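What follows is a short report on a single structure.
The values are calculated or read from the model by the stated rules, or taken from the named source; none is laboratory data. Here the structure is a predicted model, which means the values were calculated and not measured. Because the Cβ atoms are built from the backbone with ideal geometry, glycine has one as well, and the counts that use them run over all protein chains shown. Heads up: the accessible areas ignore ligands, DNA and RNA and are worked out on the full protein's heavy atoms, side chains in. Shrake-Rupley method; radii C 1.70, N 1.55, O 1.52, S 1.80 Å.
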Amino acid sequence: MKFLGIIPARYASTRFPAKPLAMLGGKTVIQRVYEQVAGVLDDAYVATDDERIEAAVKAFGGKVVMTSVHHKSGTDRCYEACTKIGGDFDVVVNIQGDEPFIQPSQLDAVKACFEDVTTQIATLVKPFTADEPFAVLENVNSPKVVVNTNWNALYFSRSIIPYQRNAEKQDWLKGHTYYKHIGLYAYRTDVLKEITMLPQSSLELAESLEQLRWLENGYKIKVGISEVETIGIDTPQDLERAEEFLKNRI
């Protein structure tokens, strides 16, 4: 199978404008993401709507494709980029442009989901550990996932799922394995085309989670496991944490 990696990158961001061009350890965030992906997949491109990001990617020797400014999601941007790039790719992997520490093992875990011929869409989760503070589990910016016995997603939520009726909340992490969603997606190319045509769904609007649109319309999302801890960059404060994380790795 051939895998195409696409890294959607917008300049405009409410919480952190120009985030892809922010410096992290002497390189832009988008360069760090690209370098983590290139070589692991069969090909990789940054998909952007901004000429400043386009110029930055070309400057470090990366591949980039310009896309519309009107996309409402990274998935839509991925599909336009895929159609412009062309080629005979079986699967498109959507890597968030604010994940500079994405690991090859995580990309491999998503690729492995497609060894099952019935897989339409794949994503990753990381188990919460029993010694984490309850506040980490409670964080609405860290969506939780429940899966069935075939490791297909049943539901994603910003709330804690499942609710443990007969246990004190401080013991929830000890009594059940909760899964944190890692926002890495892969789609069979034909499925990517189909899901971009779906209207927003009621569950998606309620939780502000795009993947619920796919579940609500009957698509299956295969779930792979990663034990790797990464730091996504949503705010300038996250960038500071990422700098510390990078220093400790060197």
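Given the conditions (1) in contact (Cβ under 8 Å) with a residue 24 or more places away in the chain; (2) surrounded by fewer than 16 Cβ atoms within 10 Å (Cβ to Cβ); (3) in a helix (DSSP H, G or I), and given that Val136 satisfies all but one, which numbered condition is not satisfied?
Unmet condition: (1).
Under 7 Å between Cβ atoms, which residue pairs at least 6 apart in sequence (or on different chains) link something in region 230-247 that is more than 16 Å from Lys19 (Cβ to Cβ) and free of Cβ contacts under 8 Å to residues at least 40 places away in the same chain with a partner that is open to solvent by less than 60 Å² (accessible area, probe 1.4 Å) and assigned to a loop (DSSP other than H, G, I, E, B)?
Going by the 7 Å Cβ cut-off, there are no qualifying pairs.
Which condition number in (1) of a type in the set (Val, Ile, Thr); (2) open to solvent by less than 70 Å² (accessible area, probe 1.4 Å); (3) touching a Ser or Thr at 6+ places or on another chain (Cβ under 9 Å) is the one that Thr129 fails?
In the conditions (1) of a type in the set (Val, Ile, Thr); (2) open to solvent by less than 70 Å² (accessible area, probe 1.4 Å); (3) touching a Ser or Thr at 6+ places or on another chain (Cβ under 9 Å), Thr129 misses (3) alone.
Any idea how many residues of region 41-66 are crowded, with 19+ Cβ neighbours inside 10 Å and touching a residue at least 24 places away in the same chain (Cβ under 8 Å)?
Matching residues across region 41-66 total 11.
Can we say Val145 is surrounded by 16 or more Cβ atoms within 10 Å (Cβ to Cβ), more than 30 Å from Gly87 (Cα to Cα) and in contact (Cβ under 8 Å) with a residue 60 or more places away in the chain?
When the stated conditions are applied, Val145 passes them.
Within region 21-41, can you find the residues that are within 17 Å of Leu184 (Cα to Cα) and among the aliphatic types (A, V, I, L, M)?
Selection gives Val29, Ile30, Val33, Val37, Ala38, Val40, Leu41.
Of the conditions (1) at pLDDT 95 or above; (2) under 25 Å from Thr83 (Cβ atoms); (3) open to solvent by 20 Å² or more (accessible area, probe 1.4 Å); (4) not hydrophobic (A, V, I, L, M, F, W, C), Gln200 fails just one. Which one is it?
Every listed condition holds for Gln200 apart from (1).
Looking only at region 96-119, how many residues end up being closer than 30 Å to Glu243 by Cα, assigned to a loop (DSSP other than H, G, I, E, B) and charged (D, E, K, R)?
2
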